[in-house]
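Chemist: Below is the structure I would like to discuss, written out as structure tokens.
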Amino acid sequence: MEDIGKALQHFHELKLKQIMPAASSIPVVEADSPVINVLKILRTRHHVWVVEDRKSMKLCGVIRYLDTMDILLPPESHKFRLGMTSAVMKSLLGGAQKAGEIMERNVLTVEEDATVLDALIKMKRYKTQVLAIVKGDTLVGEISLRILIDELLRLLRVGGTSWSQHGSSSQSGLH
């Protein structure tokens, strides 16, 4: 158990820029990209980051897989509430044509110099599985729960510790 404790401590202290995937591998569209391009990406991804343009990579928003319901539903199916007109405008039938028109502008971000622990705390607080990694307002990467799990498992293997699990939820021990 001591080995896992050491691995977790090291894991928590890692800087996100040390473990984030290359920016070229993350799903990105420009704000003026057609909605159809967004939908093509969302067939295989859970989100797509929206940037002003690929040269600047200035982060503008995010479109999540679940947001496609608003995009596909007709405008009248959205319950109108004061201050909630944005979902109506995100509908294709409501006139949305570009990624910038359907994106969520309030993006959860974390700086590239933040630690894994910082990212985990933010993910838990906001009940999200992915954060945009930024340098100022520039998108430089992303961090997801899946990436964090992969990194912890890599650390455990590299550190010479193997962990095995038997049964449904019991931890059998370290080898």
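All of the numbers you see were taken from the coordinates with simple rules; none came from a lab. Worth saying up front: this structure is predicted, and the values here are computed from it rather than measured. We place every Cβ from the backbone using ideal geometry, glycine too, and count neighbours over all the protein chains shown.
Chemist: For Met20, Met69, which order do you get if you count the other beta carbons within 10 Å of each Cβ and list the fewest first?
Modeler: Met69, Met20
Chemist: Still on this structure, I have one more. Amide H neighbours of Leu108 under 5 Å, counting only residues 5+ apart in sequence or on other chains, H built in-plane at 1.01 Å?
Modeler: When sequence neighbours closer than 5 places are left aside, the close amide H contacts are Ala132.
Chemist: Apply 1/(1 + (r/R0)^6) to the Cβ-Cβ distance of Asp137 and Lys6, taking R0 = 41 Å, and write down the FRET efficiency to the nearest 0.05.
Modeler: Between Asp137 and Lys6 the formula returns 0.65.
Chemist: HN-Hα J couplings of region 130-145 from phi, Karplus 6.51/-1.76/1.60, θ = phi - 60°, integer Hz, Gly and Pro as x?
Modeler: Whole-Hz 3J(HN,Hα) from phi for region 130-145: 8, 10, 7, 9, 10, 10, x, 10, 9, 6, 10, x, 8, 9, 10, 4.
Chemist: What order do you get for Ser144, Ser56 when you list them from fewest to most C-beta neighbours inside 10 Å?
Modeler: Ser56, Ser144
Chemist: If amide hydrogens are placed 1.01 Å from N in the peptide plane, which non-local residues have theirs closer than 5 Å to the one on Glu142?
Modeler: Answer set, sorted by chain and number: Ile133.
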